[in-house]
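Report on the following structure.
The values are calculated or read from the model by the stated rules, or taken from the named source; none is laboratory data. Please read these numbers as outputs of a predicted model, since none were measured by experiment. So basically every Cβ, Gly included, is an ideal-geometry build from the backbone, and we count neighbours across all protein chains shown. When the accessible area is computed, the model is the full protein with side chains, heavy atoms only, and any ligands, DNA or RNA have been set aside. Shrake-Rupley method; radii C 1.70, N 1.55, O 1.52, S 1.80 Å.
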There are 2 protein chains.
Amino acid sequence: MSTSNIQIIPISQSKIDTVDFNNLVFGTVFTDYMFECDYKDGKWQTPVIKPYGEISMAPSARVFHYGQAVFEGMKAYKDENDDVFLFRPDENFKRINKSSARLAIPEFPENYFFDGLKQLLNLDKDWIKKGIGNSMYIRPFVIATQPAISASPANEYKFMIILSPAQAYYAGEVRVVFAEQYSRAADGGVGFAKAAGNYAAQFYPTKLAHEQGFQQIIWTDANSHEYLEEAGTMNIFFRVGDTLLTAPNNDRILDGITRKSLIQLAEDNNIKVEIRRVTVAEIKEAARKGELKEIFGSGTATVVNPIIGFSHGGESFDLPKIENSYALFFKEKLMNIQYNISEDPHGWRLKI
Amino acid sequence: MSTSNIQIIPISQSKIDTVDFNNLVFGTVFTDYMFECDYKDGKWQTPVIKPYGEISMAPSARVFHYGQAVFEGMKAYKDENDDVFLFRPDENFKRINKSSARLAIPEFPENYFFDGLKQLLNLDKDWIKKGIGNSMYIRPFVIATQPAISASPANEYKFMIILSPAQAYYAGEVRVVFAEQYSRAADGGVGFAKAAGNYAAQFYPTKLAHEQGFQQIIWTDANSHEYLEEAGTMNIFFRVGDTLLTAPNNDRILDGITRKSLIQLAEDNNIKVEIRRVTVAEIKEAARKGELKEIFGSGTATVVNPIIGFSHGGESFDLPKIENSYALFFKEKLMNIQYNISEDPHGWRLKI
């Protein structure tokens, strides 16, 4: 079946019975197996799937010092017939290699990626629970392991995939602040990549935002802070009247897979989308006039995340409660595709 | 002697005899011991000094995914009497905690840092070789170890110090390119911190520069690419006529310890220094007029690194060979202080 000759080291006993699947904390529980593939001597070596467990590395491994690391976030879904599906995994594959290229990490072979994913999900398929909202969160990542602390690209890496069962992610009521001082990414930088360092850089400003009662920051461009970009773990959509606005991709903004799926769903459903720079000023003006109907984030973990209000320049705005929410419409449409409930006109599902 | 009750686990046998100290490759050889201190349950635990070796961590450890990691670079020097000295270690201590604060990492206690350094250097003192140019490169670093892949600050960390013996670092003839497209740091970002992710972000543009025959990039501001900032592992000085120019510190530029030491040495020696924004245009103009006499970088690893030429906008400039080079003057002055050869009027040396 596989063309990759992945070596499988079996577990002695599954730990699945120790897990309370009704009380999962996101990203803390991992399955029985993990996928691991080392890069050395100029090529990716034969991958191995083995019992999930600690990895050992020299303290001089480059990832610890220079952040040479990228990752992806994906989910697998189980339908009522116990079939397992991935959602647009080709996009994740392309993106992790795009991220890797920007971080000077060697690209990962396509067959290793897909064969690894399939075999791993098959081995751990009992960990994927049925029911809307349940899923298997999949985390592929690459880290520089070469034990040498000079500041240059490593010649040894580790590509891993780990799996964490997840329940419906409800973030609570989300109120955001538009960034005025801190920023997430520079023009000509690595903001478009899922580079590890992009995330830690947001932790402190986000902590400050939490202390002021905001759950997330919507980042603005670093130059002028006049343009709304993304939320760090989500892309952002604004509904003004019945038109959706979202920022175009550039070298600062992640090319979100949920984002591009929503844009397609909007087109499919005759909802007008403008992909263009969105200014802080126009969103505040629309809010004042009562034309701003919704703001929501999109991302793999959250799917679609409605935002109830925002703040900028000391002014706070509450979004109206509305019927016919685009956010909820998109969320249902998308999840029906992901869980094999509805048709899949664009071929986004991949059956495992 | 120590107030920190650091636990010491002895080696069974030193590996020092296996090392060829005349052929060291920077950052690849490590001493017998390493310092390790874990943060958990809301505080830094009792540190331990133990045999240098691999560390084991969950693949979900946050450093692998979100780059929550900072580091420092320091050196220890041995004088002719076998006494060992650090250079301005208080500055490294302050800076690692400044970096940590920006990355939402808990600050490290001062007594652990200094007691750890001293005890580690004492245990490994035979690894520090006499002679100008020989030194012990010291790498303190902090990594987020909490095994949970949600994108938020960890509640578990590891602070380590590892030691790597170094010889005089000669980078060869260094020709640089001024950045026109890529950038290193955003306003409001983490460029001023020694954050791990800042370094990997430079690897790909630096690789492109290498392919074009340049050893380093001098980064410009991300907004306009008109202002010269730093070189990623070095701060940068320009000598126009007999005046030194260097960019002011801001949230994009590392507050270099060698940089501030050179500024002090310049003042001590009646060399005029202007700390202000330096434009690409004025440096090119000065080069055309024959007024640009030197460019050099400053940093812990390289000390002072002369640059022989630069390129920008398709134009290349060679710097003149001059007598009375500031770069060589500063390098000798600084090393004489570091190696306990000259007086130390500012109290920069710390005897171990």
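Here are a few things to note about the model shown:
- Of the beta bridges in the range A:151-248, as assigned by DSSP with both residues counted there, near 60 percent are antiparallel.
- A simple count of charges around residue B:85, restricted to other residues whose Cβ falls under 13 Å of its Cβ and scoring Lys, Arg +1 and Asp, Glu -1, yields +3.
- Ligands, DNA and RNA are left out, and with a 1.4 angstrom probe the accessible area of the range A:7-166 is 35 Å² per residue.
- Residue with peak Gaussian network fluctuation, chain A [Cα springs, cutoff 10 Å], from A:181, A:167, A:202: A:181
- Here residue A:211 yields copy-to-copy label distances, from shortest upward, of 4.5 nm, the label point defined as 7 Å from Cα along Cα to C-beta.
- C-alpha center-to-center spacing [the range A:138-210, the range A:32-65] in angstrom: 19
- Kirkwood's formula applied to the C-alpha pairs of the range B:7-166 gives a hydrodynamic radius of 16.5 angstrom.
- Applying the criteria of a DSSP loop state and at most 15 other Cβ atoms within 10 Å to the GluC sites (Glu not before Pro) of the range A:160-220 yields A:173, A:180.
- Of B:87, B:114, B:71, the one that fluctuates the most in a GNM where chain B has Cα springs shorter than 10 Å: B:114
- Distance between the modelled labels on residue B:341 and residue B:90, one decimal in nanometres: 2.6 nm (7 Å Cα→Cβ projection).
- Inter-copy spacing of residue B:167 label points, which lie 7 Å from Cα along Cα→Cβ, given in nm from shortest upward: 6.1
- Förster radius 60 Å - calculated FRET efficiency between residue B:321 and residue A:272 (Cβ-Cβ, nearest 0.05): 0.40
- Amide H contacts under 5 Å for residue A:232, placed H, 5+ residues apart: A:219
- Nearest beta carbon of chain A to the A-to-B rotation axis, with distance in whole angstrom: A:197, 1.
- If R0 equals 51 Å, the separation of the Cβ atoms of residue A:279 and residue B:81 corresponds to a calculated FRET efficiency of about 0.15.
- Principal axis extents of the Cα atoms in chain B, from largest to smallest and rounded to whole angstrom, are 62, 52, 35.
- Only protein heavy atoms count here, probed at 1.4 Å, and on that basis chains A and B bury about 4700 Å² of accessible area in total.
- Radius ratio Rg over Rh of the range B:1-91, counting only Cα atoms, Kirkwood formula for Rh: 0.99
- Along chain A, the longest continuous region that contains none of the trypsin sites (Lys or Arg not before Pro) in a DSSP loop with at most 12 other C-beta atoms within 10 Å is A:131-275.
- Among A:253, A:217, A:337: highest mean-square fluctuation, GNM of chain A, C-alpha pairs under 10 Å: A:337
- Normalised radius of gyration (Cα atoms, divided by 2.2 N^0.38 Å) for the range B:174-338: 0.97.
- The portion of the accessible surface of the protein assembly as shown made up by carbon and sulfur, rounded to a whole percent, is 46 (1.4 Å probe; DNA, RNA and ligands excluded).
- Prolate/oblate/rounded label for the range A:237-288 (Cα gyration tensor, a/c 1.5): oblate
- The range A:6-22 and the range B:262-297 have their alpha-carbon centroids 63 Å apart.
- Sorted largest first, extent of the protein assembly as shown alpha carbons per principal axis (Å): 78, 61, 47
- Principal axis analysis of the Cα atoms in the range B:282-352 yields extents of 50, 22, 18 Å, listed in decreasing size.
- For residue A:342, inter-copy separations between label points set 7 Å beyond Cα along the Cβ vector come to 7.5 nm, shortest first.
- With both residues required to sit in the protein assembly as shown, DSSP beta bridges show an antiparallel share near 80%.
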